[in-house]
Every structure is written in C-alpha cells, then in structure tokens.
Amino acid sequence: DVKVTQSSRYLVKRTGEKVFLECVQDMDHENMFWYRQDPGLGLRLIYFSYDVKMKEKGDIPEGYSVSREKKERFSLILESASTNQTSMYLCASSLKQGINEQYFGPGTRLTVT
Amino acid sequence: GENVEQHPSTLSVQEGDSAVIKCTYSDSASNYFPWYKQELGKRPQLIIDIRSNVGEKKDQRIAVTLNKTAKHFSLHITETQPEDSAVYFCAASIPGYALNFGKGTSLLVTP
C-alpha cells in the first residue's frame with residue numbers, strides 16, 4: 001500500500017525558532033513536493049524535488065528551504081519561524097514518468113506563536 | 001507559470017442532485033488534469049484524472065470533461081450523497097511536473 005508519512009501531525013513553535021518538517025515515502029518515487037494549505041487559498045507549492053540533492057522553488061519559497069539527501073526523504077526547513085507561517089503543511093510524492101498521481105501525506109498543522 | 005481558476009468556491013446541493021465544478025487553466029502546454037477530494041481532517045486523494053488526448057472520462061457517479069480549445073475542464077458528480085461532502089481541488093500540469101492547484105470548492109450535500 002502506498003504510504004507517505006510526515007513526522008508530526010501537530011507542532012507548536014515559537015517565533016524565531018528553526019523548524020524541521022520531515023516527509024518519508026516508501027514508493028520509490030522520484031518526485032517529492034511540499035505544499036502549504038490555507039483556507040481560501042488552496043494548495044500552494046513551496047518547493048519540489050525531482051531527484052536526490054535536487055530542488056526547485058515553487059510559488060511561495062520565501063522563508064523556507066528544503067533538503068533531499070535520500071530518495072525517500074524530503075525535509076522542509078523554516079530557518080526562523082514567523083507567525084505568518086502558521087499553516088497546514090502537506091508533503092506529496094509522485095513518479096517522474098508515466099502516471100503521475102500525487103500521493104499526499106497526512107499533513108502537519110504548524111502553529112507559530 | 002500556470003494559473004488555475006476554480007469555481008464556485010462553495011456549492012450546496014440536495015442529496016440526489018448533480019454537482020458541477022469548473023476550472024480554467026492558462027498554459028496551453030498543460031496536458032494532465034486531476035481532481036482531488038479532501039474530506040475534513042484528511043489528506044487530499046485523487047478521485048479522477050484526464051489527459052489531453054481524451055475529452056471525457058467517467059467513473060461511476062463522477063465524470064470529468066475537458067475542452068482544450070477553451071482551456072477549461074469540469075467535474076460532474078451525479079446522484080450526490082452526503083459522503084460526497086468535501087473540498088474538491090482541480091489541478092493542471094505537464095506530466096511528471098508539479099501540479100498547479102485551484103483554490104478548491106467546498107461541496108455540501110444536504111439530506
């Protein structure tokens with residue numbers, strides 16, 4: 001069964017803290033994505049990666065960075081968390097070729113106080 | 001880049017009625033159009049998708065139509081049931097690349 005997991009379902013951090021959100025997939029997918037979901041704004045792409053050590057900026061990369069050292073793991077990093085980064089963060093993965101259904105993780109609800 | 005617009009943002013129908021959600025896209029190179037359903041508190045899941053070489057696709061009570069000339073595609077749900085209540089997202093992309101999502105439609109099916 002397809003599985004994408006995220007390290008935390010809920011996370012509370014203070015302004016200025018460094019935050020790591022981890023995503024792991026067990027499907028040998030080449031592509032991995034980080035989105036944030038806010039009411040009325042849909043799913044907005046932060047960063048994506050087509051391969052190990054490769055990354056591409058999405059629509060809203062400011063304030064975020066990513067790391068992909070292994071094929072199965074894609075990390076989202078908030079270098080200095082701010083209150084406007086309070087959101088639901090969703091990770092997804094897909095194959096590079098052929099059917100490219102994106103499989104989503106359960107999400108991490110991050111609150112920055 | 002690709003811009004996907006989705007309408008309406010909210011939709012309320014009576015059980016048994018049909019529901020239609022419409023999306024438009026801007027990049028004529030897009031050729032993959034999936035629809036995702038997100039129930040409250042759950043992750044988005046693919047319910048149906050269509051590629052540009054097909055004009056319509058059906059799967060039981062749901063269908064998607066695509067008009068490449070006009071750059072719009074629609075989701076049709078017939079005989080709606082309360083369990084169809086969810087947020088629906090359309091998206092467009094070139095296969096293998098990042099999806100560009102619409103802002104979502106919150107569908108409520110009332111008994």
Next on the checklist: With +1 assigned to the C-beta of every Lys and Arg and -1 to the C-beta of every Asp and Glu, and no other charges, what is the dipole magnitude of the stretch A:2-109 about the Cα centre in debye, to the nearest 20?
Outcome noted: 260 debye
Checklist entry - Of the cross-linked pairs A:Lys57/B:Lys71; A:Lys18/A:Lys55; A:Lys53/B:Lys37; A:Lys18/A:Lys57, which ones have a Cα-Cα span greater than 22 Å in the structure shown? => result A:Lys57/B:Lys71; A:Lys53/B:Lys37
Item to check | From phi via Karplus (6.51, -1.76, 1.60), per-residue ³J(HN,Hα) for the stretch A:17-32 in Hz, x at Gly/Pro | outcome: 6, 8, 10, 10, 10, 10, 9, 10, 10, 10, 10, 6, 6, 7, 8, 9
Item to check | Karplus-derived 3J(HN,Hα), 6.51/-1.76/1.60, for each residue of the stretch B:104-111, Hz, glycine and proline x | outcome: x, 10, 8, 9, 10, 10, 9, x
Item to check | Cβ-Cβ FRET estimate between B:Leu46 and A:Thr15, R0 fixed at 45 Å, reported to 0.05 | outcome: 0.80
Checklist entry - List the GluC sites (Glu not before Pro) in the stretch A:1-30 that DSSP assigns to loop (not H, G, I, E or B) and whose Cβ has at most 15 other Cβ atoms within 10 Å. Which are they? => result A:Glu17
Checklist entry - Which value, to two decimals, describes the C-alpha radius of gyration of the stretch A:9-92 once divided by 2.2 N^0.38 Å? => result 1.05
Checklist entry - Which whole-number value in Å³ per residue fits the convex hull of the alpha carbons of the protein assembly as shown? => result 120 Å³
Checklist outcome for this item: For the stretch A:51-96 the trypsin sites (Lys or Arg not before Pro) that pass both the DSSP coil test and the at-most-12 other-Cβ-within-10 Å test are A:Lys53
Item to check | Using alpha carbons only: equivalent-ellipsoid semi-axes of chain B, gyration tensor based, whole Å | outcome: 23, 14, 12
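Where a number appears in this text, it was derived from the coordinates with a stated rule and is not lab data. This structure is a prediction, so every number in the text was calculated from the model and none was measured. Counting neighbours? That spans all protein chains shown, and the Cβs are built from the backbone with ideal geometry, glycine included.
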